[in-house]
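Worksheet: the structure to be examined is printed underneath.
Just so it is clear, none of the values below were taken in a lab; they were calculated from the coordinates. A quick note: this is a predicted structure, and the numbers were derived from the prediction, not measured. For neighbour counting, all protein chains shown are included, and Cβ atoms are generated from backbone atoms with ideal geometry for every residue, glycine included.
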Amino acid sequence: MKIKVDFPGLCKEKTGAGNERWRVRVEGEKERRITISFGPEHPDFQVYYEAARFGQKLVQDHASKPVSGSLDELRERYVAWMHTQVAAGNLNQKTLESRERGLRQACDCLTRNRKARMGAVKVTMPKEAFTHIRDSLGVRAGAAGTCLKALRAAYRWGEDSGFEHEGHVYEITNPHKSKGGAVAWTAEDKIAFLNRHGSGTMARRWFLLVNDTAGRIGDTHLLGPRHEVFRADRQLISWQPSKKGS
């Protein structure tokens, strides 16, 4: 899609994964294009664009320092804090990745006039700004929900770290509606399963292990003889769940 701004040869394209990318046609070489990792809203874009038009691809060796008090700064400092928490064993790596992804989506969202990134906006932005970030993700309700959760977590952390705000981020409705999880088996369901799978079968062993330990699926398949312990006259299964904080 051609971009209606004063950058001849600049195109915004969609990758196979649905992500946006910016490409510049090299002047005088119709078939050659150079990719720039950010769009016209970035303060360094003009330099990278002009180099690309001359056939040179610049490498971004460092990120521009975020504006003080901006969403970009909150994200940068909060993500750095989360990394220290993961290293200390206080936060799960997947939680960090989810929140970092959600915050990146929020910061990279363009403002309504498409002249700047939301990341450059002050954290004291109005409620309408958060609504705009949520709605920018369109029909991807799950992604919008992840983005909102990440923003709320960052703002809660920011309250104790010098980022004063009016709490509008907590007022935004999460568009993601749960479709329900697994349905617990009834007593009749369990009896029917045990009648179907007799003593000694793998299915019956797995059922008894899962039913009696109530462990996470990611831990249950790892349990074995080394987790058997004796306390008084009782034989038990004991293990440390892999999820941080469990």
Are there trypsin sites (Lys or Arg not before Pro) in region 19-56 that DSSP puts in a loop and that have at most 14 other Cβ atoms within 10 Å, and which ones?
Lys30, Arg32
Return the aspartates and glutamates within reach of Lys30: Cα separation strictly under 20 angstrom, same-chain partners fewer than 8 residues apart disregarded; answer none if there are no such residues.
Asp6, Glu13, Glu50
Fewest-first ordering of Arg99, Arg104 by Cβ atoms within 10 Å yields Arg104, Arg99
Return Ser136, Ser242, Ser199 ranked ascending by Cβ neighbour count within 10 Å, so the fewest neighbours appear first.
Ser199, Ser242, Ser136
Residues Thr95, Thr220 in order from fewest to most other beta-carbon atoms within 10 Å are Thr220, Thr95
Which of the following values of P(r) over Cα pairs in 5 Å bins from 0, in percent was calculated from the structure shown: [x] 1, 5, 9, 12, 12, 11, 10, 9, 8, 7, 6, 5, 4, 2, 1, 0, 0; [y] 1, 6, 10, 14, 11, 8, 6, 5, 4, 3, 3, 3, 3, 3, 3, 2, 2, 2, 2, 2, 2, 1, 1, 1, 0; [z] 1, 5, 10, 13, 15, 15, 14, 12, 9, 4, 1, 0, 0?
[x]
Residues meeting the amide H criterion for Val26 (H placed from the backbone, H to H distance under 5 Å, 5 or more places apart or on another chain) are Arg32, Arg33, Ile34
Considering region 187-237, what Rg and Dmax in Å follow from its alpha-carbon atoms?
12.6, 35
Considering Cα pairs under 8 angstrom that are at least six residues apart, work out the relative contact order of region 140-179 and quote it in whole percent.
61
Given a cut-off of 28 Å, name the pairs among Lys115/Lys149; Lys127/Lys243; Lys57/Lys122; Lys14/Lys149 whose C-alpha atoms lie farther apart than that in the structure shown.
Lys127/Lys243; Lys57/Lys122
Suppose a student asked you for the relative contact order of region 71-171, using Cα pairs under 8 Å spaced at least 6 residues apart; what percent would you report?
33
